[in-house]
Every structure is written in structure tokens, then in C-alpha cells.
Amino acid sequence: MSAPRRQTISAIMPAYNAERLLERVLPPLLQMLHDGELDELLVVDDCSTDATAATAREMGATVLTTPANGGPGVARNLAARAARGDILWFIDSDVIAHPGGPEEIRRAFADQGVEACFGSYDDNPGAPSWFSNYKNLLHRYHHQSARREATTFWSGCGAVRASTFADLGGFDTEIYRVPSIEDVELGYRIKAAGGRILVCPDLLGKHLKVWTLKQAIFTDIFRRALPWSRLMIAREGLTDDLNTGKAERARALLAGLFALSLLAWPTPWLSWPVPVALFALAILANWRFFRFLTGSGGLAFALASMLYHQLYYLYSGAAYVWCLFEYHVLGRRNRLHVP
């Protein structure tokens, strides 16, 4: 009996004005290509205004160019149509893939029922600020602590069978015209079609993104919380997965109580021990995450991160409540478009 055919992998990296990042993110992938772990490396220049395309081509990647700037979903769809691999491995242009990624992907896809898989960021983000490190470590924590069977997909470092991707029509770039939750929505379609999605803890990448406070709040609300809440409400309600699980909802409620205690602090009937006690309770409720943050950056980093984390819960929870009101009271039953 002959051995099963080795599954081929096409790595796909959408890139827009990523020239300064390519010298860090492309070498590991080019080494995998040289070693035969990857069968193809496609960089899709999304009409950059810098030398992204020329730099990627000079380094040794195959470069495609979108007809017009359309965002990463458009770029990934373009590359998927041109790719030769059995498996499409999507990697963001600000992620340095760890060695061994193709092996982890092939191991996941050895099960014929698995149609997609994704990994997580590593525990040593490449950004200089505490806030960027908090954002990147939060993402890692959710993915590393998630159940191995997922209900969504992540395209920052995730793979899907090329045939499945083609059958489902790729990323929805009509509803999600800007970078948003197009990967999450694709995961829902994969699950609805009967496919399995695995979380692979050892499929890792280092995230180089530098977050600002303003950028993070805008992205969390308008590119994640609102469209994801609308998608869940319109399709199947809340899922118990990643950062939408039941425990996370309870923690969001606790963050709301903490915020109310701060607003009421100056009143005579509420003294300072109440918000302090609620913050301590929030730490206990997030104890595993707090220990993870402490181990990654020390106590001061963990405390500062946990304070902001209460704000994150507050605006994310408020976004979901607004979407419920929008759906059930205002009757906006089909509002999925992300402008």
C-alpha cells in the first residue's frame, strides 16, 4: 500500500506599505521554502505606495498585485486563486512565523475532517510599549487557553484547505470591505458546511504591531465588537469560544460594576474601598490571565494591563448590548455591512 501523498502548502502574505517589515517577516518563510517545507510563497502587494512589491521580489518571494487597494481579504482571495498548494497558509505581514509551522499544519490536516486550523502569537511580542504587549499577549492568551475545536477562524496565522476555500467563495469582501472579522465569518461558514477547525497551540508567530490607545479602541469597537456581535446575533447567538465564552461575559459584567463604582466614588454612600474591592475581585476573576501577564511583564505591567482590561470589557460588552437593541428593538435584522 502506497504512502499518502504529501500535502502541499502555499504561504500567502497580504502586504500594504510593509517594506520596513519584510526584512524581518520574509526570511523565515523563505528558509522554509528553501528547505522544502513550503511549496510556494506568495506576497500580495495591495497597491502599496512604498517599495513593498520590489523588496519582496528581490528577496525571493513570488509577488502578485491587486488591481486596486482592497484590503487583506481581497489580497488573500487573489492569491488563493493563483496558489498551487493543497493548503493555503495565511500569514499577516507583521507576523514572523516560527519554525515548524508547515509541520504543525500538515499534522492538523492529516485528519480529513479538518478543513482549517490556526495558531497564536508567541509570548514575546516585538512591540516596544506596554500597551502593545498587553494587546498582543491578550490575543495569545485567548488562543492558547481556547478549546482545541474552534467555531471561528483566524487569518493572522491560519490555514485552510484550498478546495474548501474555493467551494465557500473565500473571504466575504462585499460585507467586509475593510479589515474586520472576515476570517471569523469564514470560520462560521466552514463549520456550517460540516468542517472542523482546530486551534494549534504550537503554530506560532511573533506579532510586530505597535498599538496606540486610540487605534485599539476604534478597532476593538468598530472592526471587532460591533460586526462580530451583529454576526452572532443574526446567525446563532453567542458562542462559548475564545473571547465570547460564558466566563468572559461574567467578567464583562464585573467590569461594568467596577466602572459604576468609580462613577459613584465621590458620593457619600460609596467610599474608596468599594472600587478597590471590585478591582481586586476582577483580578481574582481573571486570575489565570493576571498570572500570565505577571509572568510576561511583571506586577506593574499586569496591574496596568488589568485596569485597561476592565475598560476593554466595558466597551466590548456595551457594543453587544447595543447590537441586541439594534436587532430586537430597532429591527435592523440584516445590518452586517462594515463601512
### Relative contact order of the chain, defined on C-alpha pairs under 8 angstrom at six or more residues apart (%)
17 percent
### Message
I'd like the per residue volume of the convex hull spanned by the Cα atoms of the chain, given in cubic angstrom.
### Response
147 Å³
### Task
Would you mind getting me the FRET efficiency between V276 and R249? Use the beta-carbon distance for r and R0 = 25 Å, nearest 0.05.
0.60
### Query
Roughly how many debye, to the nearest 20, is the charge dipole of the chain about its Cα centre, given +1 on each Lys and Arg Cβ, -1 on each Asp and Glu Cβ, and no other charges?
960 debye
#### Entry: 11 Å beta-carbon shell around A127, net charge (K/R +1, D/E -1)
+2
#### Entry: Residue-averaged [θ]222 nm for the chain, counting only DSSP H segments that reach four residues, each worth -39500 (n - 2.57)
-15500 deg cm²/dmol
#### Entry: Tensor-based shape of the range 37-85 (alpha-carbon gyration tensor, a/c under 1.5 rounded, otherwise prolate or oblate)
oblate
### DSSP beta bridges in the chain [antiparallel fraction, %, rounded to 5]
40 percent
### Message
Quick check on the range 1-97: what does the Kirkwood estimate of hydrodynamic radius come out to from the alpha carbon pairs, in Å?
### Response
13.4 Å
#### Entry: With Cα atoms, 0 to 90° folded angle of helix 287-297 axis to the chain main axis
60 degrees
### Farthest positive-ward along the chain dipole, Cα basis, beta-carbon charges - from L257, Y141, L203
L257
### Task
Work out the count of Lys pairs in the chain where the Cα-Cα distance is under 24 Å, with the pair 8 or more places apart or on different chains.
6
### Message
Relative contact order of the range 9-210, please, whole-number percent, based on alpha carbon pairs below 8 angstrom and at least 6 residues apart.
### Response
26 percent
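Every number here is computed from the coordinates shown, using simple stated rules; none is lab data. Because the structure is a prediction, the values reported are computed rather than measured. Note that each Cβ is placed from the backbone with ideal geometry, even for glycine, and that neighbours are counted across all protein chains shown.
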